[in-house]
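Encoded as structure tokens, the structure appears first; notes follow it.
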Amino acid sequence: MTSEGLSQAVTSLSEPRKFDPTFRGPVHNRSCTDVLCCVAFVIVILGYIALGTVAWIHGDPRKVVYPTDSYGQFCGQKGTNNAKKAILFYFNILKCASPSVLINLQCPTTQLCVPKCPDRFATYSEMQYHHRSNKSYWEYYRQFCKPGFDNPNKAVSQVLRDEDCPSMIVPSRPFLQRCFPDFITRNGTLTVANRTAFKDVLGETRSVTELRDAANGITSLLDAKEVGMKIFEDYASSWYWILIGLLVAMVVSLIFILLLRFTAGFLLWFIIFAVIALVAYGIWHCYEEFVALKEKPSADVTISDIGFQTDFHVYLQLSQTWLVFMISLSVTEAVIILMLIFLRNRVRIAIALLKEGSKAIGYIMSTLFYPIVTFLLLAVSISYWAVTAVFLASSGDAIYKVMPSQPNCMYANLTCNPETFNKSNITKVCPGSQCMFAFYGGESPYHRYIFILQLCNLLVFLWLVNFTIALGQCTLAGAFASYYWALKKPADIPPCPLFSSFSRAIRYHTGSLAFGSLILAVVQLIRIVLEYLDHKLKGAQNTFARFLLCCLKCCFWCLERVIKFMNRNAYIMIAIYGKNFCTSAREAFFLLMRNVVRVAVLDKVTDFLLFLGKVLIAGSVGALAFLFFTHKIPVIQEEVPSLNYYWVPLLTVTLGSYLIAHGFFSVYAMCVDTLFLCFCEDLERNDGTPGKPFLMSPGLHRILGKGDQSPKKSKG
């Protein structure tokens, strides 16, 4: 910064500002701000709708839902020859290197739609041998051969060369609509249909572990599917009680906020000591469990020794689990107590702010339900982005590529046409090669820039999400500012302050909100790209590149936090004065800098208190849910549904309760931030004399204000 710029900044901090003596709350006579950005925002939304329309025209979600065979046909699609063939079968699964190859349909072997997976071991040679005496062998085997092939006497070498039939079949079961070997572990030994080995078409003995290596990770995926089915069953049998738990959390949150209106000081101190007591009880309980299990020899096994288990109750039988819990809770308890010791005066100040906030919310109760509007707008944005992303990903025509049977084929992976492939020179140069479906794509400009369009889709999505949040912040700030600047509360509060503030934000300040949201969206997009690059470079050996990437991620994380803080305060100033984004951000910044000590008091301490409130509500409802789902409430013990994992509804209720409490308390946080900025403005505008009375409450002025000034009391 130049010396001239520095002197201007110092002047902005020190010079007294000129104020309108008739100012009494949010300006009503205002004009549109950041019009160019508003126009750009509208154009982008129209372009986003056009992008979604084009994606819906070219895209086909069936490509995501249904697996595709080697001919580009969907398995299980109604109205086609594959209508009753919903499962994809791989001719030679040993050619598949990994589960990702299987799921992405890039395994270099013929893929066929079949009605069911094979349920036995068999080779083509065995089928030919038994076919002479029993025709049923061929009738069973042929359903896994190419459609139209009906020559069981064809030489094995020719069948394998032309890939008319699979060289062998193994017992399989469908997963993700694809046939995978039916792995079962018996007494620690991996088996398929009770076998540990089998013979291939050449008569060589192959181990079941070769199938596992070819489909590495499939067993864990199958376990995940089993766990997923059990979780779904638990949700199906406990959804009613989950809804009741969430309803209880909503009622408790509402009661909590209503109590804050009348007993804010007592209730906030109660929250602090209740959380301390709750964590202390957790430490004691973990210690008791740890001591009890320490005496059992079977409980000395470490968590890493048993690995991942689908039954999480197993972990509770280990002493190490309770030791980890106890240490974590002890650290949490120590942090809370130390914060209270060193920040006790700031906690008192934060409580005073929350008391004033509870009064504002008590007079404008409709603000508590505004998060529902934000939730609905976010749901629309997320749904539109997800659907558009799926349609973009499934855009394009079927692309076929040469799959050679020999490693040194010069035509390998080149694009081909299945209709003319057999007449081309490729089959002569590379005997046994096939023209197989690879993926969906195209050569048009639209298809070439699918990746760019996906990035645009992501950027506009982030922009809309941040705009929705900004709209909510500006709306709530305008409503709470109407409360603060009312000389006589609640008589001077304008009617319908929330709706009036929302109307002003939409009518006059869409451009300003879009401007601030765009800045934040760009930074978030850069962070996402950096995370993607970091994921790609995890296996890289370039230490400098990893270090540079880590530094960039840290810098942009800090930048995002700063922008969020500045935007939030800029939206408050926009709601009050109706100025453009840059002017509002600058005035908010210098106003906060002139009150930097008070900002340090407000920023984290009030957030900490509100966080404790969320934890107390979520913890209380979660504890009640734990007692219910573990059959520890005798009165309603018979009503508890039978569950595979009691932690499924328990975690759902606990996390849902925290989100519900967060929705209510986010209104509180915005209220406190708005009142604080209004308070700082009040101190600079007024001096407490009858001609310029303070509009803050006496208690708030006594704690945050200047001790030598006595404000004029106002009603409320």
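The values are calculated or read from the model by the stated rules, or taken from the named source; none is laboratory data. Every value quoted in this text rests on a predicted model; they were computed, and no experiment measured them. Counting neighbours? That spans all protein chains shown, and the Cβs are built from the backbone with ideal geometry, glycine included. These accessible areas exclude ligands, DNA and RNA; they are computed on the full protein's heavy atoms, side chains included. Shrake-Rupley method; radii C 1.70, N 1.55, O 1.52, S 1.80 Å.
Checking each residue in the range 155-173 for being assigned to a strand (DSSP E or B) and surrounded by 19 or more Cβ atoms within 10 Å (Cβ to Cβ) picks out Met168, Ile169, Ser172.
Rundown of residues vs (1) under 23 Å from Arg594 (Cβ atoms); (2) under 33 Å from the mean Cα position of the chain (by Cα); (3) open to solvent by 30 Å² or more (accessible area, probe 1.4 Å), yes/no style:
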residue: Leu627; (1), (2), (3): no, yes, yes
residue: Glu638; (1), (2), (3): no, no, yes
residue: Thr652; (1), (2), (3): no, yes, yes
residue: Thr689; (1), (2), (3): yes, no, yes
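Can you find, within the range 356-368, the residue that is farthest from Val54 (Cα to Cα) among those that are open to solvent by less than 40 Å² (accessible area, probe 1.4 Å) and not polar (S, T, N, Q)? Per the stated criteria, the residue is Glu356.
In summary, Leu329 fulfils each of the numbered conditions (1) surrounded by 18 or more Cβ atoms within 10 Å (Cβ to Cβ); (2) touching a residue at least 60 places away in the same chain (Cβ under 8 Å) with the single exception of condition (2). Just give me the residues in the range 315-368 being closer than 19 Å to Phe480 by Cβ and of a type in the set (A, V, I, L, M), in sequence order. Listed by number, the residues that qualify are Ile349, Ala350, Ile351, Ala352, Leu353, Leu354, Ala360, Ile361, Ile364, Met365, Leu368. Out of the residues in the range 147-173 that are without any contact (Cβ under 8 Å) to a residue 24 or more places away in the chain and among the polar types (S, T, N, Q), which is nearest to Tyr137 (Cα to Cα)? Per the stated criteria, the residue is Asn151. With the structure loaded, tell me whether Leu609 is crowded, with 17+ Cβ neighbours inside 10 Å, among the aliphatic types (A, V, I, L, M) and either at pLDDT 80 or above or in contact with a helix residue (DSSP H, G or I) (Cβ under 9 Å, 6 or more places away or on another chain) (or both) or whether it fails that test. Against the criterion (crowded, with 17+ Cβ neighbours inside 10 Å, among the aliphatic types (A, V, I, L, M) and either at pLDDT 80 or above or in contact with a helix residue (DSSP H, G or I) (Cβ under 9 Å, 6 or more places away or on another chain) (or both)), Leu609 qualifies. Being farther than 27 Å from Thr374 by Cα, modelled with pLDDT under 75, open to solvent by 60 Å² or more (accessible area, probe 1.4 Å) and not polar (S, T, N, Q) is a property that holds for Lys706. With respect to the conditions (1) touching a residue at least 12 places away in the same chain (Cβ under 8 Å); (2) part of a helix (DSSP H, G or I), Val635 lacks only one, and its number is (1). Looking only at residues in the range 125-146 that are in contact (Cβ under 8 Å) with a residue 24 or more places away in the chain and in a helix (DSSP H, G or I), the one that is nearest to the chain's Cα centre (by Cα) is Phe144. Restricting attention to the range 348-378, the residues that are basic (Lys, Arg) and in contact with a Lys or Arg (Cβ under 8 Å, 6 or more places away or on another chain) add up to 1. Exactly one residue out of Ile519, Ile526, Ile506 is over 12 Å from Leu462 (Cα atoms), in a helix (DSSP H, G or I), of a type outside the set (Lys, Arg) and touching a residue at least 24 places away in the same chain (Cβ under 8 Å): that is Ile506.
A quick yes/no check of all residues on (1) at pLDDT 70 or above; (2) of a type outside the set (A, V, I, L, M, F, W, C); (3) open to solvent by less than 60 Å² (accessible area, probe 1.4 Å):
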site: Glu4; (1), (2), (3): no, yes, no
site: Leu13; (1), (2), (3): no, no, no
site: Pro21; (1), (2), (3): no, yes, no
site: Val42; (1), (2), (3): yes, no, no
site: Val54; (1), (2), (3): yes, no, yes
site: Ile57; (1), (2), (3): yes, no, no
site: Asp69; (1), (2), (3): yes, yes, yes
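Take the conditions (1) surrounded by fewer than 21 Cβ atoms within 10 Å (Cβ to Cβ); (2) in contact with a Leu (Cβ under 7 Å, 6 or more places away or on another chain); (3) modelled with pLDDT of 90 or more; Ala470 misses just one of them, which is (1).
Every condition in (1) closer than 24 Å to Ser358 by Cβ; (2) open to solvent by 20 Å² or more (accessible area, probe 1.4 Å) holds for Glu419 except the one numbered (1).
Scan the range 369-385 and give yes if some residue there is open to solvent by less than 70 Å² (accessible area, probe 1.4 Å), closer than 27 Å to Ala491 by Cα and part of a helix (DSSP H, G or I), otherwise no. Yes.
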